[in-house]
Amino acid sequence: MRTDLFDFELPEERIALHPVAPRDAARLLVVGPGGTLEDRTVRDLPQLLRQGDALVFNDTRVIPARLRAVKPSGGRVELMLERLLGGARAAVQIRASKGARPGTRLRLEGGGAATVLGREGEFWVVEFDAEAGEVFERSGEVPLPPYIGRPAEPLDRERYQTVYARVPGAVAAPTAGLHFDAEMLAACRARGIETATVTLHVGAGTFQPVRAVDVASHRMHAERLTVGVEAVEAVSAARRRGARVVAVGTTAVRALETAAQDGEFAACDGETRLFIVPGYRFRVVDALLTNFHLPQSTLLMLVSAFVGREPLLRAYRHAVAERYRFFSYGDAMFVEPAPGALAPRSTP
């Protein structure tokens, strides 16, 4: 399967540079099982859900993941966190006019220092003079995606974070969740919608396009995840009452589907490299709320697997024509599965 089959044209002005207010004021494109399209708003979501449905959220919390530093030569360096490795160490992307070398000592602009230890795949391992997570929380900047193309502003500390974020570890927000506020969550509960959480720490690799010509040659980046017993019980209860499991975002999809890869849906804690492409049959997820994704991205391929590549690209063309806002701070889609996208369901 060629990567360029997942391309589409997007005028630059359709990229959302700032969030809308309030959170649920974003537009919502509803994509039905046959590829039908309906233009609505996110605040209509509770009416699209059914009593007893289980909404599953990713409760990862975005770390202020961008650090600025200076080399001994005076050259400026930017460190972009990929993931915390425990203790004082972290895997990062290093951006500098001249490449970093093992042993280089970096002075952090927010105070403190870091030592470059060496490469680990596409990333550098650095060691700080304090616990790495504390360093980023103290001195880091909000890691807005590169396509936003502006410095982070004070408002981004609040808006590039879900209202239910709990577990620090992500360097990018699970953006479908940005549309929820306290009022939206209350409206869902009033409709008899159940909720559950999983944790998947979104890495910087989420913004990387698939560079391989053939999709099968792409190696997915690893991300930490936890699917707890409570989430397993919530999904099982939804199955027993004949309700749907509705994932809020592609990261929730990957967490839930990873937990079912051994044939049985069960609690798990570890890493995932699950790469979902057309032909995959979803074992857990029955419906999906998601933002619009970058061309030729793994996220676009995941949604294509759920609704079909042609119906999805048709929906994207409609969204461009109707002036929807794209990507992290943009509008959303509520997607129901194409025929054959779901694996047979069993009642626990």
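The values are calculated or read from the model by the stated rules, or taken from the named source; none is laboratory data. Predicted model, so just to flag it, every value in this text is computed and none were measured. Glycine also receives a Cβ, built like all others from the backbone with ideal geometry; neighbour counts cover every protein chain displayed. SASA here: full protein model, heavy atoms, side chains in, ligands and nucleic acids out. Shrake-Rupley method; radii C 1.70, N 1.55, O 1.52, S 1.80 Å.
How big is the gap, in Å, between the Cα center of segment 201-263 and the Cα center of segment 90-159?
What the calculation gives is 27 Å, centre to centre.
Spelling out what I want: for every residue of segment 60-67, take phi, set θ = phi - 60°, compute 6.51 cos²θ - 1.76 cosθ + 1.60 (Karplus), and round to whole Hz; glycine and proline get x.
My calculation for segment 60-67 gives 4, 10, 6, 7, x, 9, 10, 10 Hz in order.
Near the amide H of Glu109, under 5 Å away, which other amide H atoms are found, from residues 5 or more places off or on another chain, if H is placed in the peptide plane?
Result for Glu109 returns Arg68, Ala69, Val70.
Can you give the convex hull volume of the alpha carbon atoms of segment 188-285 per residue, in Å³?
Dividing the Cα hull volume of segment 188-285 by its residue count gives 116 Å³.
Mind listing which trypsin sites (Lys or Arg not before Pro) in segment 32-72 are in a DSSP loop and have 16 or fewer other Cβ atoms within 10 Å?
Details: sites: Arg40, Arg43, Arg50, Arg61, Arg66, Arg68; in loops: Arg50.
Qualifying residues, ordered by number: Arg50.
Cut-off 10 angstrom, C-alpha nodes, Gaussian network model of the chain. Which of Asp181, Asp59, Asp286 fluctuates the most?
Of the options given, Asp181 has the highest mean-square fluctuation.
Calculate the FRET efficiency for Asp129 and Arg61 from the Cβ-Cβ distance with a Förster distance of 30 Å, rounded to the nearest 0.05.
The formula returns an efficiency of 0.80 here.
In the neighborhood of Asp24, defined by Cβ-to-Cβ distances under 15 Å, what is the net charge if each Lys or Arg adds +1 and each Asp or Glu adds -1?
Net charge around Asp24: +4.
Considering all projection directions equally, how large on average is the shadow of the alpha-carbon convex hull of the chain, in square nanometres?
The directionally averaged projection comes out at 17.0 nm².
Can you tell me the order of 2-13, 335-346 when each peptide is scored by its average per-residue count of other Cβ atoms within 10 angstrom, highest first?
335-346, 2-13
Mind telling me which of Thr197, Thr104, Thr251 comes out most flexible in a GNM of the chain, alpha-carbon contacts under 10 Å?
Fluctuation is largest for Thr104.
In segment 91-187, what trypsin sites (Lys or Arg not before Pro) fall in a loop by DSSP, with at most 12 other Cβ atoms inside 10 Å?
Qualifying residues, ordered by number: Lys98, Arg166.
Let me check against my output: what whole-number percent is the relative contact order of segment 46-140, with C-alpha pairs under 8 Å and at least 6 apart? Spell out each step's value before the answer.
Numbers: 182 pairs, mean separation 26.1, N = 95.
Taking the mean separation of contacting Cα pairs over the length of segment 46-140, I get 27 percent.
I need to check one value: relative contact order of segment 228-348, counting alpha carbon pairs closer than 8 Å and at least 6 residues apart, in percent.
31 percent
Sequence-distant or interchain residues sharing an amide H contact under 5 Å with Leu342, placed H: which?
Phe282
Relative contact order (percent) for segment 28-94, with alpha-carbon contacts under 8 angstrom and 6 or more residues of separation?
Normalised by residue count, the contact order of segment 28-94 is 15 percent.
Collect residues whose amide H, placed 1.01 Å from N in the peptide plane, falls under 5 Å from the amide H of Ile15; neighbours closer than 5 in sequence don't count.
Close amide H contacts, sequence-distant or interchain: Phe326.
Using each residue's phi in segment 105-122, evaluate 6.51 cos²θ - 1.76 cosθ + 1.60 at θ = phi - 60° and report the 3J(HN,Hα) Karplus result to the nearest Hz, with x for Gly and Pro.
Values, residue by residue: 9, 10, 9, 7, 5, x, x, x, 8, 9, 10, 7, 8, x, 8, 9, x, 7 Hz.
Sorted from largest to smallest, which semi-axis lengths in Å does the alpha carbon gyration tensor of segment 201-253 give for its equivalent ellipsoid, taking the root of 5 times each eigenvalue?
In descending order the semi-axes read 31, 14, 9 Å.
Are there any helices in the chain, counted as whole DSSP H runs, that stretch 30 Å or more along their axis by Cα and score at least -1.0 on average by Kyte-Doolittle, and if so which?
Correct list, ordered by number: empty.
Leaving out ligands, DNA and RNA but keeping every protein chain, what accessible area does His218 have, in Å² rounded to the nearest 10, with a 1.4 Å probe?
His218 has an accessible surface of roughly 50 Å² with all protein chains in place.
Apply the Karplus curve 6.51 cos²θ - 1.76 cosθ + 1.60, θ = phi - 60°, to the phi angles in segment 220-226 and return the couplings in whole Hz, x for Gly and Pro.
Result, rounded to whole Hz: 6, 6, 8, 9, 6, 8, 9.
Note down, for segment 28-151, the three equivalent ellipsoid semi-axes (square root of 5 times each alpha carbon gyration tensor eigenvalue), biggest first, whole angstrom.
Largest first, segment 28-151 gives 41, 16, 13 Å.
Counting other Cβ atoms within 10 Å of each Cβ, which GluC sites (Glu not before Pro) in segment 207-283 have at most 14 and sit in a DSSP loop?
On the way: sites: Glu223, Glu230, Glu233, Glu257, Glu264, Glu271; in loops: Glu264.
Listed in order of number, the matching sites are Glu264.
In deg cm²/dmol, rounded to 500, what helix-only [θ] at 222 nm does the chain give when every DSSP H run of at least 4 residues adds -39500 (n - 2.57) and the total is split over its residues?
-5500 deg cm²/dmol
Would you look at the GNM of the chain, springs on alpha carbons closer than 10 Å, and say which of Pro151, Pro174, Pro143 moves the most?
Its mean-square fluctuation being the largest, the pick is Pro151.
Excluding Gly103 itself, calculate the net charge of residues whose Cβ lies under 12 Å from the Cβ of Gly103, where each Lys or Arg counts +1 and each Asp or Glu counts -1.
On the way: positive: Lys71, Arg101, Arg105; negative: Glu127.
Local net charge: +2.
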